[in-house]
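Here's the structure, in structure tokens; my notes come after.
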Amino acid sequence: MPLGIIQVDGQHAPGTFLLINQTAGDDLFQTKHDTSKKADVILVPQPSDSPNDPLNWPPWKKNLAYAVIFANSIIYASIPAPLIAPSTVLLSQSLGRSIKDVSMLTAYQLLVCACYGPIASALAHKYGKRPQFIFGAVMGLVGTIVCCTTTHSYSVLLAGRIIQGIGSSVFESLSMAVIGDLRTFSDTNLFKLVFAPFGVLLNPAVIWFTIVGSVCIALYVALSYILAQIWSPPPYNLNARQNGTFYVGALIGGLLSSTVSPWVGDIIASKMTKWNKGVYEPEFRIPMIIFATLFCGIGWFVFMWDLDNPTPHGYYLGAFCHGCLCAGTTIGMTVASLYALSFLTLVGCDSDSCRESSTEIFVLAMASKNFLFYGFSEFINDWTERNGPHEVLRTFGIVTMCIMATSLVLYIFGKVNRCFMHKVGLMNKLMGYQY
């Protein structure tokens, strides 16, 4: 049981491979290695000899492709949903609608986003991702233009937000899968592809990825429904601009965590690989979840204490806690995504049960998260008004801690699960994928 991971003798485990060559055997010259200073690191998957292989692209070309997708994901997927959160109270007064009605402008957008995700995935498999990205960008632009045509019509704003939801769905569904999506598919019935994301739920690792990568984020983002409801009344009396400034904490927390956590995660995984005689296990990505748990714990429970003891300047501590929550959820999502990519797409194994499912898994995470957003919009404002925001934060904090605790189970039994799912060949049987 090296480093606490249960081993499975005599079975191939997708995602387990020799990453650091610690011997000088003949195989050293038969495999391609990192061309930088880390010459002992074996490239996985192994690039082909074709100059058209994306693995052989120069760094500037890879970075340019990632930068374009990253920028569009921010513009079309990350910004639209929370954009109106700081102005919730102001919009309520301007439109003559309740706070819940204003929250529903975001809720319906996210509901459409969740519903269109499986369709976007199926069309991407059938016709390629590029047409879907173009379509998503066009829909996001059209939706924004519709929203900008009015300042007083709730119905027009709602229509624009729904159109934006289609654009958001494409980038939320497909962006992460692009990183490792180098496969080809046989001619598969489109109807099957639409329901493929739900089939992968039979994999316990996918369930873990979904709850860590979706539920925790959903709890954090659902907080945006009630922040203006918290800070606008006395003793804080924040206006719309000040409510928007409150998100600076989340901006700093998100930027630091998204920049530092992959680097720290690589260091931890590299050290554990060396301790494991050069053999890499995807579970080596999971220990980073400790930092996610720490930041989320500070964020939820200190924030709860802050609201239980209100002061005119309490929003400064609240902004710090909000930043901790953003950092914690970002680290959690990073860990879950790297774990998924480690054994779903970055291994050169043939017809295993998970590698061909990367797009479906990220679509499932996106859909789950957005369905939860919609569900929270139906009751979270009334819940906050009835029981107080501290009760909401305490509940969310306890749920988050319980979710993070499941990571220990996956760390110990993850390899057993990978072997079993590879042996069963789930997606081959359900969807007929071929290589």
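Figures for the structure shown
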| quantity | calculated |
| --- | --- |
| Relative contact order %, the range 58-173, counting alpha carbon pairs below 8 Å whose residues are six or more apart | 34 percent |
| Two-site label geometry, ILE290 and LEU141: point separation in nm, points 7 Å out along Cα→Cβ | 4.8 nm |
| Selection from ALA222, TYR247, THR329, by position along the positive dipole direction of the range 204-332 (Cβ) | THR329 |
| Cβ-based exposure ranking for MET401, MET304, in which fewest neighbours within 10 Å come first | MET401, MET304 |
| Residue order, fewest to most beta carbons within 10 Å, for LEU123, LEU219, LEU141 | LEU141, LEU123, LEU219 |
| Sequence of THR406, THR273 once ranked by neighbouring C-beta atoms within 10 Å, starting from the fewest | THR406, THR273 |
| Cut-off 19 Å (backbone N to label point 7 Å along Cα→Cβ of SER153), residues of the range 61-103 | 91-92, 94-97, 102 |
| Restraint check, LYS126/LYS423; LYS129/LYS423; LYS277/LYS423; LYS126/LYS369; LYS277/LYS369, Cα-Cα greater than 32 Å | LYS277/LYS369 |
| Length gained when the stretch ARG130-THR406 is fully extended (0.36 nm per residue, less Cα-Cα span) | 95.7 nm |
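Here, each number is a calculation from the coordinates, and none is a lab measurement. Keep in mind it's a predicted model, so treat the numbers as computed, not measured. Note that we place each Cβ from the backbone using ideal geometry, even for glycine, and neighbour counts take in every protein chain shown.
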